[in-house]
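A quick write-up on the structure given underneath.
Bear in mind these aren't lab numbers, they're just calculated from the coordinates by the rules spelled out. As the structure is a computational prediction, the values presented were derived from the model and not from experiment. Note: ideal-geometry Cβ built from the backbone for every residue, glycine included; neighbour counts use all protein chains shown.
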Ligand code: E4P
């Protein structure tokens, strides 16, 4: 499973990329607004660090989605155009696919939406599991259903588990065979940690000190 960082902060991407475990980045308009930096510069800087950076269109009609997406794709070959799961979005995804531009369908909350995006040719789809959990639904259950549907069909579209909230989400996504999981910075920082690793290392080092002359 590929691991992406869900952020618009270039320093965070630098830090996690240095671990040698980062396959890409997902951004969205809210994350970009939080950082308050120039969008193009941010995307370009991230593209120099990882091979896949999702940049979301903010237009809602086909013509303007296509115009915006084409511009993003011209910035760098690592850009993936992120398109919302609407009927205009499906048309734009189909257009981008026919023109060799990679897409990530965002705001996917159901299996029918996932299937339509795959049929339109999306490179990846982003089901938002945390937001489903937030309203009392079963986010990971959606991933389970999508992965089962994917087993019976021959969709090339990768399933990107989005809106993750804690490390267990990453474990469950991997166990269900999801292709990609995008993880917020605060959650990513928790992934290498285990109290037994810390106490074990402390003991090894203090024992080692005892035998040093
Ligand atoms: C994914 O591409 C989205 O940017 C993200 O995972 C949304 O997560 P949120 O529900 O925590 O905002």
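Values for this structure:
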quantity	calculated
Enumeration of residues in the range 125-161 that are assigned to a strand (DSSP E or B) and touching a helix residue (DSSP H, G or I) at 6+ places or on another chain (Cβ under 7 Å)	125, 127, 159, 161
Hits in the range 4-16 - residues which are surrounded by fewer than 19 Cβ atoms within 10 Å (Cβ to Cβ) and under 24 Å from residue 171 (Cβ atoms)	15
Test set (1) under 18 Å from the mean Cα position of the chain (by Cα); (2) more than 16 Å from the ligand (Cβ to nearest atom); (3) under 29 Å from residue 189 (Cβ atoms); (4) buried (at least 16 other Cβ atoms within 10 Å of the Cβ) - residue 75 fails condition number	(1)
Residue match in the range 129-140 (condition: within 21 Å of residue 176 (Cα to Cα), more than 12 Å from the ligand (Cβ to nearest atom), surrounded by 15 or more Cβ atoms within 10 Å (Cβ to Cβ) and under 13 Å from the mean Cα position of the chain (by Cα))	no
From the options 48, 61, residue that is away from the ligand (no atom under 16 Å from the Cβ) and more than 22 Å from residue 107 (Cβ to Cβ)	48
Scope the range 41-93; condition assigned to a helix (DSSP H, G or I) and in contact with a strand residue (DSSP E or B) (Cβ under 7 Å, 6 or more places away or on another chain); matching residues	43, 46, 47, 65, 69, 72, 73, 89, 92, 93
Hits in the range 1-34 (condition: part of a loop (DSSP other than H, G, I, E, B) and within 11 Å of the ligand (Cβ to nearest atom))	7, 8, 27, 28
Every residue from the range 187-213 that is surrounded by 11 or more Cβ atoms within 10 Å (Cβ to Cβ) and assigned to a helix (DSSP H, G or I)	187, 188, 200
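Per-residue answers, yes or no, for (1) surrounded by fewer than 20 Cβ atoms within 10 Å (Cβ to Cβ); (2) farther than 14 Å from residue 160 by Cβ:
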site: 29; (1), (2): yes, yes
site: 36; (1), (2): yes, yes
site: 44; (1), (2): yes, yes
site: 70; (1), (2): yes, yes
site: 88; (1), (2): yes, yes
site: 111; (1), (2): yes, yes
site: 120; (1), (2): no, yes
site: 143; (1), (2): no, no
